[in-house]
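The values are calculated or read from the model by the stated rules, or taken from the named source; none is laboratory data. Since the model is a prediction, treat every value here as computed from it, not as a measurement. We place every Cβ from the backbone using ideal geometry, glycine too, and count neighbours over all the protein chains shown.
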Amino acid sequence: MAKTAGGPGGTASEKDASAGTDAGTRWLNQDELAAWLANSAIMISLPAALDARMQREAQMTFFEYMVLSALSEEPERTMQMSALALRTSASLSRLSHVVGRLEKRGLLVRSRIPGAGRRTNTTLTKAGYDVVVAAAPGHVAAVREYLIDQLEPRDLKALQRIGTAVEVAIDRSRATSASPASPGAPASPEVPVPQAPAQAAKSRNSPAEG
């Protein structure tokens, strides 16, 4: 990635040139920039690799798998749409589109929640449960191949610590900036954030749960 004044890093001349508008910018030093660029493999390359493999092996996208997986671990395999959006880090509009596609395939169903407001539950069907159970071993194998088995135990603990710190920072920002009136904005940052991918293996090991 080239160092430009508009990027997270920058050469001294670029910083000086942009001083008029970015005088308060805390530019990344070399170590910080190297860490940021290396992390792009996790943020960009890993989801793309998981998505490609999931589509090839299970004929679904990585996001569709995470929706089904999240539902499979809930009591009665049911979640309110707003909670499911938070669990999968998706906007309600994106989630609604994907849920509609999965509903057409018979993998889940939606139902209105009685009472005031436009609240909707999403429930995983038996067919959807069978699909996520069948896909889970391949997904966990991919997670191990691309990430877990490439790290030492101390690296895993560091990764967990880093991920938790980033999650807290994002939740803090979301809590201060989200407005209940904003279209697609999560109603509450208190709902659990996305599960660890490997947890989906529970569905394979205990098919009677839920």
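Consider only pairs whose beta carbons are under 7 Å apart and that are at least six residues apart or on different chains; among these, list those whose first residue lies in region 63-87 and is without any contact (Cβ under 8 Å) to a residue 60 or more places away in the chain and whose second residue is among the charged types (D, E, K, R) and not in a helix (DSSP H, G or I).
Qualifying pairs under 7 Å: Q80/R119.
Determine whether region 91-107 contains at least one residue that is touching a helix residue (DSSP H, G or I) at 6+ places or on another chain (Cβ under 7 Å) and touching a residue at least 60 places away in the same chain (Cβ under 8 Å).
Within region 91-107, one or more residues are touching a helix residue (DSSP H, G or I) at 6+ places or on another chain (Cβ under 7 Å) and touching a residue at least 60 places away in the same chain (Cβ under 8 Å).
E14 fails exactly one of the following numbered conditions: (1) at pLDDT 90 or above; (2) in a helix (DSSP H, G or I). What is the number of that condition?
Every listed condition holds for E14 apart from (1).
Only one residue in G106, G138, G163, G117 is of a type in the set (G, A, S) and in contact with a Gly (Cβ under 8 Å, 6 or more places away or on another chain), so which one is that? Working first, answer last.
Values: G138 fails: in contact with a Gly (Cβ under 8 Å, 6 or more places away or on another chain); G163 fails: in contact with a Gly (Cβ under 8 Å, 6 or more places away or on another chain); G117 fails: in contact with a Gly (Cβ under 8 Å, 6 or more places away or on another chain).
Exactly one residue qualifies, and that residue is G106.
Taking region 108-150 on its own, how many of its residues are part of a loop (DSSP other than H, G, I, E, B), in contact (Cβ under 8 Å) with a residue 24 or more places away in the chain and out of contact with any strand residue (DSSP E or B) (no Cβ under 9 Å at 6 or more places or on another chain)?
Final tally of qualifying residues: 1.
Hey, could you check region 68-90 for residues that are under 21 Å from G138 (Cα atoms) and in contact with a helix residue (DSSP H, G or I) (Cβ under 6 Å, 6 or more places away or on another chain) and say which is modelled with the lowest pLDDT? Break it down stepwise before answering.
Taking region 68-90 and keeping what is under 21 Å from G138 (Cα atoms), we get 68-73, 88.
Going one step further and asking which of them are in contact with a helix residue (DSSP H, G or I) (Cβ under 6 Å, 6 or more places away or on another chain), we end up with 68-72, 88.
Values: L68: 97, S69: 96, A70: 96, L71: 97, S72: 96, T88: 92.
Checked region 68-90; the qualifying residue modelled with the lowest pLDDT is T88.
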